Amino acid sequence: LIKHLGMEYKYTKKKGVLMNGTKRHARIRKFMIEMNRALELEKTGDYVIVFTDESYIHQNHSRLTSWVKRGTREVKGGPSGKGKRLIILHAITRFGFITTNDDEGNPITEPAMEGTRDKRETAEWIWPAKSGIKDYHDNMDGEGFEWWLDNRLIPASEKQWPGKKMILVMDNASYHHQMNTAYYPEKKTPDNA
């Protein structure tokens, strides 16, 4: 297609163009090199690789189709309507989700409908969407992501793997790389660091 028809690969659903082939391949190569290094570090036993991403689900999520006995005319379904949209943020390793158990041995979970901001030893954070826009990413920002890191992911990771360092793998969402000047040494800024 490229050579004989002069075509190029572009994202056609929205305005904009995908990253060109050279840049895309360079980014993939860089990721593969960094991921290989992370895997080598994890083999030492001092590190754990953690993957994170956000998604959503509707409160009344149910399948639209199901298996029923042939000839059945009426089928009782679940609740009508989709209900509230819930945003989900969690983290997983090759060993499973990052969560710990309470004193009774049950996994610590999030009371999803409240979307509380309390410190828990679980990487799970579920909250009702405030924005009705189809793109659920508008319901997260850098401050919320940093809160999740400090109050959910890090405490849960430290309890589950005491003494291990975390290598966090995430996508390139804008709120994943918000600049926080609180982490700069005294009298340093992004301009003179």
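Please calculate the 1.4 Å probe accessible area of Trp148, with all protein chains present, and give it to the nearest 10 Å².
My reading of the accessible area for Trp148 is about 0 Å².
For Asp150 paired with Leu168, estimate the spin-label separation in nm (one decimal), with each label point 7 Å from Cα along the Cα-to-Cβ line.
1.2
The values are calculated or read from the model by the stated rules, or taken from the named source; none is laboratory data. Note that the coordinates shown come from a computational prediction; the quantities given were computed from them, not determined experimentally. Virtual Cβ from ideal backbone geometry, glycine too; neighbours counted across all protein chains shown. Calculation scope for accessible area: heavy atoms of the full protein, side chains included, ligands and nucleic acids excluded. Shrake-Rupley method; radii C 1.70, N 1.55, O 1.52, S 1.80 Å.
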